[in-house]
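To start, the structure itself, in structure tokens.
Readers should treat all values here as calculations from the given coordinates under stated rules, not as data from a laboratory. All of these numbers come straight from a predicted model, not from anything done at the bench. No Cβ is skipped: glycine too gets one built from the backbone with ideal geometry, and neighbour counts run over all protein chains shown.
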Amino acid sequence: MGIDFLYIVHFDKQFAALLPQEFVDQYIIGLNVQHVVAGFDYTYGKLGKGTMEILPFHSRSKFTQTTIDKLTNGEEKISSTLIRENLANGDMHRVKELLGRYYEVSGTVTHGEKRGRQIGFPTANIALDDEYLLPRIGVYAVELQLHGKWYAGVCNVGYKPTFHDNLEKPTIEVHLLSFDEQIYDQHVTVKWHRMIRSEKSLAASKSLSVRSQRTRKKPLLILKEFKSIRNKKIYINSCYDLLFVLISSNITLVCKTTIAWHYDSPTFCSVTGV
């Protein structure tokens, strides 16, 4: 962004007591600010009595200002607070609506405990690049980008309660479908699509394997028996269902339209090789 200096001001009683004009004089004019950009509902000074409407008066003609208008989704104001709340709830579809894109985090694939591989579900353990806000603890349908290509997968973000009692922070593990390569130390990006379920603690690895199989098959209730759909057209309601059709069996999809994981419209596919 071309920022050379960042000032962090400690908010204490003395700072909170500054009158609007005192705040502008000390922290805007005093720092030789030439232009101020803030949202329509920004306030400053004691009790928030300074507003963008009266900022030109307080500026003493020393700087100019730009007011960012209200941005809404329906009747609701889009704000960082609202986006964080939906992340905390695991509502990734809502997060996408508010951001105008899927939520993404980036990091490096590291060596984990390799428990997933032992039960038939190898995972890529992601060490994040930054202090990202993570979605609610649980299991998600995701995409993982590696070397410019996107792969569909299932991500567990949580504390692995089956094997640990006191992990300090949640881990991110992604199981990729139709993928069997070593990608340690590779930089990847995770794109979050839908929450599948909350994280659960199971008694043993065997139970975990059974539960993982059930998680894979959950959306396949719409398909009933796989053998009955060989060489037939099926209706895929969303990319969420399509993801688990792919994960749950060795299916070849001959798609009548281009499929991308950001494509959420209903899609018809021909299914072979079941």
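Each of the peptides 181-191, 86-96 was scored by the mean count of other Cβ atoms within 10 Å over its residues; in descending order, highest first, they stand as 86-96, 181-191.
May I ask which of K49/K70; K70/K191; K70/K169; K13/K169; K96/K149; K77/K191 have a Cα-Cα span longer than 29 Å here?
K70/K169; K13/K169
Over all pairs of different C-alpha atoms, the stretch 13-73 has a mean inverse distance whose reciprocal, the Kirkwood radius, equals 11.9 Å. Once you reduce the stretch 4-73 and the stretch 136-159 to the center of their Cα atoms, the two points are 41 Å from each other.
Computed over the stretch 35-160, the range of Cα coordinates on each principal axis works out to 68, 31, 30 Å, biggest value leading. Applying a DSSP loop filter and a limit of 14 other Cβ atoms within 10 Å to the GluC sites (Glu not before Pro) in the stretch 6-114 leaves E53, E75, E113.
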